[in-house]
Amino acid sequence: MQKKALAIFLTLAMLATFISAFAVPSATAPAGTFNKDGAGNIIIPYAKTAPTLDGVAATGEWADAVTISLTHENATWVTKNSKYANPIYNSKALIKSTAYASGTFSYMWRDEGLYLKIAVNDPTPTWTPDYIATNNGTDCVQVVMDPTGEDLGSGKACLTFSPNSTYSGNGNSTVCLPGDPLYPDKPFWSCLGSGYCPDWNSTDKDNDGNTIYPTQALIPMASKCVRINAASPQTPLTAADLDKNYAVVTSYVIELCITNNFFTYNNHTYTVREGQTIKLGNVLVDYFHTFAGIIESTQSSSSYLRLHDSFGDLTKNTALDNNGLGFSSTYTSFVFGEKPVQHDHVYAWTHDTNSSGVASTHTGTCDCGNTIQNQPCSFDGGVLSPDKTYYTKTCSKCSYSYNEIHTHSFSNWAHEAGSVPAMHIRTCSCGQTESGECTFGPGVVSADGTFLKYTCTVCGFSYDVPHEHLYTNWTHDVNSSPSTHTGTCECGLTSTQACTFDAGVLSADGTYYTYTCAVCGYHYDVAHQHTYNSWTHDVNSSPSTHTGMCDCGVTSTQSCTFDSGVLSADGTYYTYTCTVCGYSYDVAHQHAYNSWTHDTNSSPSTHTSTCACGMASTEACTFDAGVLSADKTHYTYTCTVCGYHYDVAHQHAYNSWIHDANSSPSTHTGTCSCGLIATESCMFDSGVLSADGTRFTYTCAKCGYSYDVSTASVVITGDAKYSKTVTATVYNAPSGVDLQYQWKLDGVNVGKNSPTYTIYADELDKSLTVTVTSNDGSIDITSGAVIPERLPTKAPVAPVLASKTDTSVTLVSLGSREYSKDGINWQTSNVFTGLTPDTEYNFYARLAHPGFDTSAASKPLSVFTEKSTAPISVSLTKTASYGSSVVATVTGAPTGATLKYQWYLDNTPVGTNTDTYTVATGSLGKVISCEVTINGTTTIKSGSVIAKPERAAMPTTIPQIINRTSTTINVQPQAGIEYSVDDGATWNTTGEFTGLNPGTMYTLWSRRVANLPNYIESYALRSRVVTVAQSSDFTVTIEGSGKYCTELTAHISGIDTAGKKITYQWMRGDQISGPNSNKYFCYMEDIGKEVT
């Protein structure tokens, strides 16, 4: 903190010395020719464009500025310290030299503040560490400002800028290059005097909204900032230190904006504006200390003092390079010049003939005389030539045009839906298309093996064909349990299935059976376990036994196993039977009944008991004398055998009825012979009118209690309408009684205890009644209901327009009003949307206050909507095939607009007013388009599509082979289906194929035939691979009777089968599913059929 305070003090001391020189009588006026106002103030011009504050004076940036020039020839000279009054300092002839610094100060203004550019050229730059310089011995520039026009010591401020970095790193006294980690982008600046250094406001903006900082001056200063340890500030520096850490600066530029916010200090408020005055002074300080002198001065305090005392003393050092001088312009009044009236240039553009093609330029001339030259032309997207080989692009300003060769850039290939054969197409941005037939690679089997997928190698379109697996070469799966075998299909998919074993063959010694799989031939042995059957009871055996025999001839005798016995029909005995041999015997049975159970719904009541043998017995219940219930409402009678009980209600007989005092409503109480009492409501007669006619007397017929009721009545009188007051008028009320009033709306209590009631808006259309009671209870009467009504009202004035667009109108919103644009449909909102552009509408208003009848409509307000700014378009579904729907989609229409559709076939109107058109037979091959009318005024026409036939559906059933030889295949033909075995080269509907090669694999294809004009042929279905039998000399004969439930055996002759795997397929017109074996068992479905 002490170091920083010292640095600032030294800076201000120097500034005070310079500023005191401005008031000398011999001061000269600023050098240059200036525009002045009538008071002699130099005019600071207004900047048309704010300069970029980057320390680089770009060409034209400061063209509007007024510039003050300072050189040793035209400035006021100031010595470094006035105590050295040696005449040699006042002799310009003696010290004139081009080695001195020179500079310019340029000023211009904008609304955000005063813009300043300082450009300095210093052939003899000097750097001095600030901690040893008593008067801040370093080169710098200063600007002194006095916006108040007062004495220099009052309202002034002073900015100081140095091109070098100072040693100490003390806040405002520190300058570092941009990017320095401690003080990035912070040029040196200082203010004069306490209170004259306000903070810069980072929210200051220029006219274009850009943030302005206090000193955005990028000065080419020292290469880095060097700071000395604060604990030893007098540490000597070496020449190597200085050469290493500092660069010499001979010229620099400072650009900054002094904002209005900066001038607010010491209770002064100042704004830069047209006609405002300000005093400015410009100072350029140039020192001539050498680095060697500085280094020498740091060696001891005595050398420091000698250097200090040598200022201006030519007898100690005759060289000028140890002296410091400064010079300034006169402290002069300036005025901020006229701010030009804003003029928006409108240029007429002319093509520059020396330019051409895409690099063309044009020149614009405004009627004010201003021109803009060599501006790039603004070309449109271009118009494609009829042959689509080039685009003609035209400048939207000067209309110059040139041709640009167009090279087609096609999109990716895409499948053309519905194309037969399958096609793909690609499109250039210009609309040019190319198409080609799809090229399919070999089919790929799906993961589950159910179909083959064929994919176009160009566009990626694919379709699926069902695949039926034919498994062969079955091989037993080693170690499988239970046993399985695996077969392989031609597609490579394998299938593992359970082995199908025969009934087994008993071994010669009868100890095991051998079971063989009929498919893969695998076999295994199972030891033989004796199975005895034909068990026969052994006569006279006791206990009983029976004997059985195994099919191998061994017998076995075992004890009989009897069941639990069967009761005879009359329940007198049980019959026990052996479950193995069927022998039986009888045992007598005695019944034992217990656990009697009441028979539900029996009348009279009975109960039933079941013997352990299952025999049941039913008898009548025996009931006791009955028990009265605690509440004396019934008697309960219970069976003494089974416990069943039932209740019989007790009928009370009440008498001696007595009125219950104070009961309301009135009740009386009677007592039954069983001791139970009952309270009931009194039963009054129709009443007897008193002699004076003011009351009725009502008497209970049972207890004789009576009471009187007044004959008074109440009626609601008055005008029952919104805001009106009605009255409850009571007739025939007894004299001297107090009346209470309760008003009700729809049966809900409202209002106060008052004979009058005022009607509000939310109470209209509700039922209003009043109930009147008396304090003595003689009156309790309710009026008839009245329905409050609304008040009549008149039509309001016509609505007033607030704003409008091409699709909406907003009216001025007034209270209690509804609005309409047709006088029929009304809304509370004053905003109407979804309107048609450039269309006349009539708007109405009516009063709709809750307490009044809805008024009649006002007179209309006629409004034309604005013309549309958004394009409206109609697009169609891209493809159209037989039976499909073409949909018209409208884009850009107003929300809620009424749309009317008209469809066309080859420009002939067809269809109905709907957004959908269904393609029928008569539409095929024709051009479909649609015309849409919006709100009955605007008509938009769509593009077009051509209707094409639909592709027929692929067959869903696999063709059945009915015969085949070594050279032929016969398929069972189906209506509408055609077949091919040469991959679609030729097709027929008979399903007959001849002249085939023996022993060759053929793929059988089927597809649905074309049914023009509506349908083209379907995609083909790959049904199966058929192996055509190889022609050879061997023969196959079948042995057997061919009768139901007999076996057929196939024998091969004429060929040696040893070591060969023989595959058998039995046929009944078509393949018969079953084992791969030379044996076949004839079933019911084979009767009358030819089996091969």
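Brief remarks follow.
- Of all residues in region 769-788, none satisfies being under 52 Å from the mean Cα position of the chain (by Cα), in a loop (DSSP other than H, G, I, E, B) and not small (Gly, Ala, Ser).
- Counted residues, region 896-909 - those being touching a residue at least 12 places away in the same chain (Cβ under 8 Å) and either of a type in the set (S, T, N, Q) or not in a loop (DSSP other than H, G, I, E, B) (or both): 9
- The lone exception for Ser542 - which of (1) assigned by TED's automatic domain parsing to the domain that holds Tyr576; (2) of a type in the set (Gly, Ala, Ser); (3) touching a Ser or Thr at 6+ places or on another chain (Cβ under 7 Å) it fails: (3)
- Considering residues of region 658-672 that are among the β-branched types (Val, Ile, Thr) and surrounded by 15 or more Cβ atoms within 10 Å (Cβ to Cβ) only, the residue nearest to Gly777 (Cα to Cα): Thr667
- Scan of region 420-477 for residues that are polar (S, T, N, Q) and more than 39 Å from the chain's Cα centre (by Cα), ordered by number: Thr439, Thr450, Thr472, Asn473, Thr475
- Residue in region 924-947 that is crowded, with 17+ Cβ neighbours inside 10 Å, more than 41 Å from the chain's Cα centre (by Cα) and in contact (Cβ under 8 Å) with a residue 24 or more places away in the chain present: yes
- Counted residues, region 489-524 - those being farther than 30 Å from Leu452 by Cα and out of contact with any Gly (no Cβ under 7 Å at 6 or more places or on another chain): 20
- Check on Ala893, modelled with pLDDT under 85, of a type in the set (A, V, I, L, M, F, W, C), part of a loop (DSSP other than H, G, I, E, B) and surrounded by fewer than 18 Cβ atoms within 10 Å (Cβ to Cβ): no
- Selected residue (only one of Thr363, Thr427, Thr392 is at pLDDT 90 or above and outside any loop (DSSP other than H, G, I, E, B)): Thr363
- Of the criteria (1) more than 17 Å from Asp780 (Cα to Cα); (2) without any contact (Cβ under 8 Å) to a residue 60 or more places away in the chain, which one Tyr731 fails: (1)
- Any hit, region 551-562, residues being surrounded by 14 or more Cβ atoms within 10 Å (Cβ to Cβ), within 30 Å of Gly614 (Cβ to Cβ) and at pLDDT 85 or above: yes
- Among residues of region 395-418, those that are in a loop (DSSP other than H, G, I, E, B) and not hydroxyl-bearing (Ser, Thr, Tyr), counted: 9
- Residue in region 489-496 that is at pLDDT 90 or above, loosely packed, with under 15 Cβ neighbours inside 10 Å and either charged (D, E, K, R) or more than 30 Å from Val554 (Cα to Cα) (or both) present: yes
- Selected residue (criterion: surrounded by the most Cβ atoms within 10 Å (Cβ to Cβ)) from residues of region 675-695 that are in a loop (DSSP other than H, G, I, E, B) and touching a residue at least 40 places away in the same chain (Cβ under 8 Å): Thr694
- Wholly within region 614-671, strands (runs of 3 or more DSSP E) carrying at least 1 residues that are more than 17 Å from Asn601 (Cα to Cα) and among the aromatic types (Phe, Trp, Tyr): 634-638, 654-659
- Qualifying positions in region 840-851 - surrounded by fewer than 19 Cβ atoms within 10 Å (Cβ to Cβ) and touching a strand residue (DSSP E or B) at 6+ places or on another chain (Cβ under 9 Å): Glu840, Tyr841, Asn842, Ala848, His849
- Within region 446-463, the residues that satisfy the criterion of being touching a Phe, Trp or Tyr at 6+ places or on another chain (Cβ under 8 Å) and either modelled with pLDDT under 80 or buried (at least 16 other Cβ atoms within 10 Å of the Cβ) (or both) are Tyr454, Thr455, Cys456, Val458, Cys459, Ser462, Tyr463.
- Tally, over region 412-443, of residues that are surrounded by 13 or more Cβ atoms within 10 Å (Cβ to Cβ) and under 30 Å from Ser495 (Cα atoms): 2
- Strands (runs of 3 or more DSSP E) (entirely within region 943-1000) containing at least 1 residues that are at pLDDT 80 or above and among the aromatic types (Phe, Trp, Tyr): 977-980
- Of everything in region 361-384 that is in contact with a Cys (Cβ under 9 Å, 6 or more places away or on another chain) and closer than 26 Å to Thr427 by Cβ, the residue that is surrounded by the most Cβ atoms within 10 Å (Cβ to Cβ) is Phe379.
- Residues (of a type in the set (Ser, Thr, Tyr), surrounded by fewer than 16 Cβ atoms within 10 Å (Cβ to Cβ) and under 30 Å from Tyr347 (Cβ atoms)) located in region 385-408: Thr392, Ser396, Ser399
- Residue check for Tyr979: farther than 30 Å from Glu416 by Cα and buried (at least 18 other Cβ atoms within 10 Å of the Cβ): no
- Qualifying positions in region 772-787 - at pLDDT 85 or above, buried (at least 17 other Cβ atoms within 10 Å of the Cβ) and either of a type in the set (Gly, Ala, Ser) or touching a helix residue (DSSP H, G or I) at 6+ places or on another chain (Cβ under 6 Å) (or both): Ser774, Ser783
The values are calculated or read from the model by the stated rules, or taken from the named source; none is laboratory data. The structure displayed is predicted, hence computed values, not measured ones. Glycine gets a Cβ as well: all are built from the backbone with ideal geometry, and neighbour counts include every protein chain shown.
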